[in-house]
Amino acid sequence: MCKGDKTLPELPNGIPDSDTFRRIFERINPEELADALYDWLGAERKKRGVIAIDGKTICGSGNTDHKAYHVVSAFAWI
């Protein structure tokens, strides 16, 4: 999907389950993700001025197989 495209992607095999998303996120290189986010934040900050970022750890989500899950939210004022 392109930026601004309001159509939904075709999912011929159905909606991916949580295990699929987990496997994808486990393969993301944290350093490369951080670099991409810093680049995006820098560009957005120039346009918008203020971006508030909030992060939380999901209580009870960690176990012997994996570390706890985290959620990050970013809010930009126009």
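Read-outs: derived from the displayed coordinates by stated rules, not from any lab. This structure is a prediction, so every number in the text was calculated from the model and none was measured. A quick note on method: Cβ atoms are made from the backbone with ideal geometry, for glycine too, and the neighbour counts reach across all protein chains shown.
Placing +1 at every Lys and Arg Cβ and -1 at every Asp and Glu Cβ, with all other atoms neutral, what dipole size does the chain have around its Cα centre, in debye to the nearest 20? Around 380 debye, computed over the chain.
By the rule of a C-alpha distance below 13 Å, with chain neighbours fewer than 8 residues away ignored, no aspartates and glutamates are paired with Lys56.
Loop-located trypsin sites (Lys or Arg not before Pro) in the chain (DSSP state not H, G, I, E or B) with no more than 10 neighbouring Cβ atoms inside 10 Å: Lys3, Lys6, Lys67.
For the chain, the relative contact order is 21 percent, taking Cα pairs closer than 8 Å that sit 6 or more residues apart in sequence and dividing their mean separation by the residue count.
Full extension of the segment from Val71 to Trp40, taken as 0.36 nm per residue of separation minus the current Cα-Cα distance, would add 9.4 nm.
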